[in-house]
Amino acid sequence: MAKSRVRAKKKANSKAVGRRPGEAISGDGTAALLTRIAGALERLAPAAPTAPDFTTAEAFVWHPEGGRLAPVRRVNRVDMALLRGIDRVRDLLVENTERFARGLPANNALLWGARGMGKSSLVKAAHAAIGTAHPAAGLKLIEIHREDIESLPELMGLMRSAPQRFIVFCDDLSFDAEDTSYKSLKTMLEGGIEGRPENVIFYATSNRRHLMARDMMENERSTAINPGEAVEEKVSLSDRFGLWLGFHRCSQDEYLAMVEGYIERYRVPFTGAELRHEALEWATTRGARSGRVAWQYVQDLAGRLGVRMNG
């Protein structure tokens, strides 16, 4: 009986260390065992991320689930000359982007305000204009979706050692009551131990100046032990953007200038008093005047007239 227990114990020990039953313990056997263990660990470990090839495109979309930057073959953008009624903010953003492309100090930018007034269009147009003017900078546009903000540290790690310069762009950025991902953004913009990489700048658009809904801030005041500190934590997020650019509703003349700019650009044969009357009626039915409404009207008009708007 004692011999049976000894044999069983030896068999169990051999399994525990990865040896086959009856396999002799020797130098060669130990080396083979260690080789098998190392191979198994390598198969279980996640593959090391490969450095993206930023030369394949001028713009990319970030997909955090695979740690992948998908190249954008053709960026959907509007020519800078077609962006009317935003001259001051346009000049400020272009100047800031140019300084960044030249390797000079520049600020993260928050473009906030009225819907449809060209916030995201301006970011993409500025990228195109400065990228063309300063080709040596290798200026890239990286789009990150609002729901992926928590993956910003991983994205920054991919760009930190790259020779190119990057505009990380988040369109329609805002946060809801239960959302705490804004803390990741705060840390990455200025407060982290590594800080924002020198070759990265962050541009965001939002309908809200402080990126938080007003009812969120009022709720913080009413429920927090220290209301002032609770609100301050959320409001301080927008303070991390050194450049605030406000977009406001356009006037009737600015709206008509937008319509006429699109008409001229796409050679739509429709001008004069009838164009003005139709364009204003279209804006009235939409309840707003903006660059987006002007574009939608011209698309409808071109379709009715059989005009193709290519390029």
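Quick note: the coordinates plus some simple rules give every number you see, no bench work behind them. Remember, predicted model here, so these are calculated numbers, not experimental data. Please note: Cβ atoms are built from the backbone with ideal geometry, for glycine as well, and neighbour counts cover all protein chains shown.
Let me check I've understood the local charge: for Thr271, count other residues with C-beta under 12 angstrom from its C-beta, Lys and Arg +1, Asp and Glu -1. What total comes out? Can you show the working numbers first?
Working: positive: Arg267, Arg276; negative: Glu260, Glu264, Glu274, Glu278.
Charge balance near Thr271 sits at -2.
Mind running the shape call on segment 95-140? Use the C-alpha gyration tensor, a ≥ b ≥ c as the square roots of the eigenvalues: rounded below 1.5 for a/c, prolate if a/b tops b/c, oblate otherwise.
Details: a/c = 3.55, a/b = 1.71, b/c = 2.07.
Taking the square roots of the gyration eigenvalues as a ≥ b ≥ c, segment 95-140 is oblate.
What does the net charge come to around Arg115 if you take all other residues with beta carbon closer than 13 Å to its beta carbon, with K and R at +1 and D and E at -1? Before the final figure, lay out each step's value.
Values: positive: Lys119, Arg208, Arg249, Arg286, Arg289, Arg292; negative: Asp171, Asp172.
Spelling it out: positives minus negatives among the neighbours equals +4.
Testing the spin-label approximation: label points 7 Å from Cα along Cα→Cβ at Met80 and Asn207. State their distance in nm.
It is 3.0 nm.
By average Cβ neighbour count within 10 Å, what is the ranking of 66-73, 200-207, 112-119 from highest down?
Details: 66-73: 14.2, 200-207: 23.2, 112-119: 21.5.
So the order, starting with the most tightly packed, is 200-207, 112-119, 66-73.
Round to the nearest 0.05 the FRET efficiency obtained for Ala288 and Asn310 when R0 = 22 Å and r is the Cβ-Cβ distance.
Computed FRET efficiency for Ala288 and Asn310 comes out at 0.20.
If I stretch the segment between Val72 and Arg265 completely, what's the gain in nm (0.36 nm per residue apart, minus their alpha carbon distance), one decimal? Walk me through the numbers before you get to the answer.
Numbers: separation 193, 0.36 × 193 = 69.48 nm, distance 2.45 nm.
Taking 0.36 nm per residue and subtracting the Cα distance, the gain is 67.0 nm.
Pull out a ≥ b ≥ c, the square roots of the eigenvalues of the alpha-carbon gyration tensor of segment 80-200, then state rounded if a/c is under 1.5, prolate if not and a/b is larger than b/c, and oblate in the remaining case.
Numbers: a/c = 2.08, a/b = 1.16, b/c = 1.79.
Cα axes put segment 80-200 in the oblate bin.
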